[in-house]
Each structure stands twice: as C-alpha cells, then as structure tokens.
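For reference, the structure discussed in these notes is given below.
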Amino acid sequence: MTIIKTKARFCFVFRSLNRTFAAVMKREDDIRQAVEVLRKGGVILYPTDTVWGIGCDATNAEAVKRVYEIKQRDDSKALICLVDSDGRLQRYVRNVPDVAWQLLDAAVKPTTVILDNAINLAPNLIAEDGSIGIRITNEPFSKELCYRFQKALVSTSANISGQPAPQNYQDIAPEILDAVDYVCFSRRQEHQPHTPSSIIKLTEDGVVTILRKG
C-alpha cells in the first residue's frame, strides 16, 4: 500500500512539473515572438500590470504613429511607456526628481509618473511640453518582455479612443485584434477585473499633481 501511495504521489508531482514546464516554455515562446515583431517595427497586443495594452517600440516614430491610428486618437495626446527597471527609466528622462523615486517606492499599485524633459524616445510619443508618462512594471510577463526587448514599450489601453478600456482579453474589440501584428497568448484566460494605473504628474521644481487614481 505504501508503495502504491508513493507511486501515485510521484506521478502527481511529475505531472505538475510537466505542466509548469509547459507553461514556462509557452511564455518563453510568446515573449520571443513578441520581441521579434517589436524589433521589426510591428505593433503587438499584450497583457500588462494593468489592462491589456497596445504596444510598440517607444523609440520608433512610425510604429508609434500606427498605434495612434489603431486607437483613432489624436497624436497630440501623448502615450504612456512601460519599462522594466529604475535604470531603464533613467534612459528616457534627463533628470528624475527625488520625489518621483519616493512615490514609486511607496506605491502599492501600478503608478504612472509624468516627468519633464523626455529623451531618446520617438518625438510623436512625447507631449508638447516635453514630458512623458512612464511606468515601471513588476508584473512578470510585461516585465520580462521589456527586459528582453531592452527598450521602453508603448503601453496604451487596447480600445478605440473614447471607449471603455477592456478589463480582460475577452473584452477587446475585434477591430483592435485585427489591427495589430501579434497578439500575445499569455494570460488570455484571466477573468478578474483590471483597472488602469494611477497617474501622477511631477515637475522639475517638485510640484505633484494627481491626474488619475488607479
């Protein structure tokens, strides 16, 4: 009887390990394909630390233009960028004020900061005042995607401008799905509600303005 129980337990553990390995390999392949599309200047649809996002290389003006067209959005309304680390964030803002680091360290939910003096990004991604909205993601898939791509990613909700942001993959309109070059398959089965990030604007002289509470 002990041998039978031990064998059954081993089989259960083995099946669990196989499922885990398969999930990891599926995510690896998903990220690899997404990065390949991004490097070619394509537009992807991917899960983020908030809602599903339309994304592209944040340094590629033509790719950014396509994102505006897909969302049917005026390009005078700047888009948000996603990065994987503090170091990556500093590549795209000339001077990050100390208060920005304090807010990000204290944040318990996804928080986008709008910072002055954006650099090294597509011109049509930056606001008219020279600022950029940027967020450090800690969600595993989008963080790994940003890390593998080694650049900032555009991250804007997967909806036509003016329409509600989809909380899950199932809520994304067919016209959005058809318009992008690659749709990630990771996290498609989730059904829990997701909400956009908080947005806080910070100026060089230390003025803090909350534009949206997440």
What is the one condition in (1) assigned to a loop (DSSP other than H, G, I, E, B); (2) free of Cβ contacts under 8 Å to residues at least 12 places away in the same chain that D178 does not satisfy?
(1)
Please tell me if A179 is small (G, A, S), in contact with a helix residue (DSSP H, G or I) (Cβ under 6 Å, 6 or more places away or on another chain) and modelled with pLDDT of 95 or more.
yes
Residue count, the range 181-209 (criterion: touching a residue at least 24 places away in the same chain (Cβ under 8 Å), part of a loop (DSSP other than H, G, I, E, B) and among the hydrophobic types (A, V, I, L, M, F, W, C))
2
Which numbered condition Q90 fails, given (1) in contact (Cβ under 8 Å) with a residue 12 or more places away in the chain; (2) within 13 Å of A152 (Cβ to Cβ):
(1)
Within the range 7-29, is even one residue of a type in the set (F, W, Y), part of a helix (DSSP H, G or I), modelled with pLDDT of 90 or more and over 16 Å from the mean Cα position of the chain (by Cα)?
no
Please determine, by comparing only the residues of the range 135-151 that are under 9 Å from the mean Cα position of the chain (by Cα) and assigned to a loop (DSSP other than H, G, I, E, B), which one is nearest to N60 (Cα to Cα).
T137
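The values are calculated or read from the model by the stated rules, or taken from the named source; none is laboratory data. Quick caveat, the model's predicted, so the values are computed rather than measured. Don't worry about glycine lacking a Cβ; one is built from the backbone with ideal geometry, like all the others, and counts go over all protein chains shown.
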